[in-house]
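Written below as structure tokens is the structure these notes are about.
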Amino acid sequence: MIDFSQALQDQIDIITENWIEAVRGDDKIDTAKQLTYDSVRDSLPIVLHAIVTMLSQSEDSDLRTVIQESLDHGNVRAQQGYDAQEIAREYRLLRRVIFDALEPELLKGSAAEVNRAYRLIDTALDEAIADCFQTYTQARFQELQELQNQLQLTNQELTRLLRTSQENISHLAHELKTPLTSIIGYSELLLRQRDNPRVKDSAPNLAHIDKVLNNGRLLLRLINDTLEISRYDAGRIELQLTATNVRSAIGTVVEIIEPLAQAKNLEIAVDCDPVLDQVMTDYLRLQQIISNLVSNAIRYTQAGTITIKTELLPDQHWSICITDTGIGIASEDCDRIFQPFFRSNNSLGSLMPDSTGLGLAIVARLVNLLQGKIELVSEVGVGSSFTVIFPLELDGV
Ligand code: ADP
């Protein structure tokens, strides 16, 4: 009788390599593209070893290891930001990679032997998927709960602010309506399915949780950005000026944002004037300005390079310039993009899924608060260049 466990044991490294390559190359598993090799692999070799034990005829089944590792794996994937479809796809790829690797051995076996191997491997993988989804769902529900708490808090603050300021209310209400309708609709659907064991842990159900979470996050960002603008308009933002090393402020922002650029194969080039190591500014607000401009540059660029350049100017000023090789902005839109909720009808056809139209409105206000000015040069199809010019010394602060 052929012992397929030995064949599987011999192929564990190859299966792991092939699977990671297949997962990273799959255009429907975007999350994996931002992860390291080890993070994608997670506990796969341990699960494969457990399947080896299950296949061997001399030892007891090792389904318990599969269960434990898969439960942990579900939590890991939730933390890594996977959605349910991506996880389901990964398991489908794993099944294919395992059987591809075992094919030469399976062809030598009798029908009964092959049948047994298929049955055992399928049992292990089915168990792994079920357990992984179980903890994944729990983690998502917990995140949903935390998001709901956060939304409640920011909502209270928003209500307080709206009582005192009527500006932009109808626009905000309109913007909040779409994600909110989606959250309510999907939440109701989820709640109706909560006690139905047949659909409880199914993949479509998990996809609904993902939609609720994504819409919730967008809603939270909309509310927080609106609050930021209201705070500014109410004169409630206080500057915390410190002697700042501009290069290190840029470095921190780039470190956080770089994965987004890498995911699109964009290069970020930084060219900092070393003289700017003691500039009086508000460190966090400066980072917020840079972060909004660089994330826009990444978002609206399909290929090429994002350049961040700082310069000491002759008349006691300094500048930071963020240039991209992206879609560009039509000249008639160049002034309007700094208004809250304005989004230009660009060549990408539709609006970006996480677009709020508030990022540049916040940037413009923060630049003003830091006594600077912002200049935009852009050409459709060529790219955009946002230059912010600040004084070295701020008046009256
Ligand atoms: P959001 O990006 O969330 O829509 P912003 O206020 O940051 O909001 O930007 C407003 C609009 O300006 C965007 O919707 C986009 O049309 C345009 N825009 C901003 N930055 C760029 C850029 N670097 N390249 C092309 N278009 C841009």
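The values are calculated or read from the model by the stated rules, or taken from the named source; none is laboratory data. Note that the coordinates shown come from a computational prediction; the quantities given were computed from them, not determined experimentally. Neighbour counts are summed over all protein chains in view; Cβ atoms, including those assigned to glycine, are modelled from backbone coordinates with ideal geometry. The protein model used for the area step is the full one, side chains on, heavy atoms only, and it has no ligands, DNA or RNA in it. Shrake-Rupley method; radii C 1.70, N 1.55, O 1.52, S 1.80 Å.
For the range 220-288, the list of GluC sites (Glu not before Pro) that fall in a loop by DSSP and count at most 13 other C-beta atoms within 10 angstrom reads GLU238. Hey, any idea what % of the chain's accessible area is carbon plus sulfur with a 1.4 Å probe? It is 50 percent, rounded to a whole number. Each part gets one Cα centre, and for the range 263-295 versus the range 27-41 those centres are 27 Å apart.
So for the chain, averaging the separation of alpha carbon pairs under 8 Å that are six or more residues apart and normalising by length, what relative contact order in percent results?
Over the chain, the number comes to 12 percent.
For the chain, lysine pairs separated by 8 or more sequence positions, or belonging to different chains, with Cα-Cα distances below 21 Å total 7. For ASP395, the accessible surface of its heavy atoms amounts to roughly 120 Å² (probe 1.4 Å, protein chains only, rounded to the nearest 10). Entry comment: accessible area of the chain is 52 Å² per residue, from protein heavy atoms only and a probe of 1.4 Å.
The residues neighbouring LEU107, those whose beta-carbon lies less than 13 Å from its own, together hold a net charge of -3 under the Lys/Arg +1, Asp/Glu -1 convention.
Comparing the range 241-391 with the 2.2 N^0.38 Å rule of thumb, its C-alpha radius of gyration ratio is 1.00 (two decimals).
Please compute the Kirkwood hydrodynamic radius over the chain, one decimal place, Å, based on all pairs of different Cα atoms.
On the way: mean 1/r = 0.0407 Å⁻¹.
Taking the inverse mean of 1/r over all distinct Cα pairs, the chain comes out at 24.6 Å.
Need one number: the % of Cα-Cα pairs in the range 226-308 sitting beyond the 22 Å mark. Across the range 226-308, Cα pairs with separations above 22 Å total 36 percent.
Rounded to a whole number of µm²/s, how large is the Stokes-Einstein D of the range 1-160 at 4 °C and 1.567 mPa s, given Rh as the Kirkwood radius over C-alpha pairs? For the chosen part, D equals 76 µm²/s.
Residues considered: ILE209, ILE12, ILE362. Largest GNM mean-square fluctuation over the chain, using C-alpha springs under 10 Å, is found at ILE12.
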